[in-house]
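Written below as structure tokens is the structure these notes are about.
The values are calculated or read from the model by the stated rules, or taken from the named source; none is laboratory data. Being a predicted model, the structure only gives us computed values, none of them experimental. All Cβ positions, even for glycine, are placed from backbone atoms using ideal geometry, and neighbour counts span all protein chains on display. These accessible areas exclude ligands, DNA and RNA; they are computed on the full protein's heavy atoms, side chains included. Shrake-Rupley method; radii C 1.70, N 1.55, O 1.52, S 1.80 Å.
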Amino acid sequence: MKRFKYEITKHSSQEFMQLIYFCTDSGECKFDQIPDHHVKVLGEILNERGSDGWELVHLAFGEDGLVAFWKKEVF
């Protein structure tokens, strides 16, 4: 049976100031509204953690930034 360990990381809104603030009042958000720099920062986080064996499980967005939930197989 596979075993996993989990980690939660927080990333401040300073890194993603506009990532979640371009949604309409009805809750519609479009990917093209996210500045290219923020997409690049998120990609760098994903690639850095992924190269260490971590798999992204979930991202939760809030007004203070985002929280990433990761898992990694334990051998």
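List of remarks:
- Between MET1 and SER26, the modelled label-to-label distance comes to 4.7 nm, taking each label 7 Å out from Cα in the direction of the beta carbon.
- Rounded accessible area of VAL41 (nearest 10 Å², 1.4 Å probe): 20 Å²
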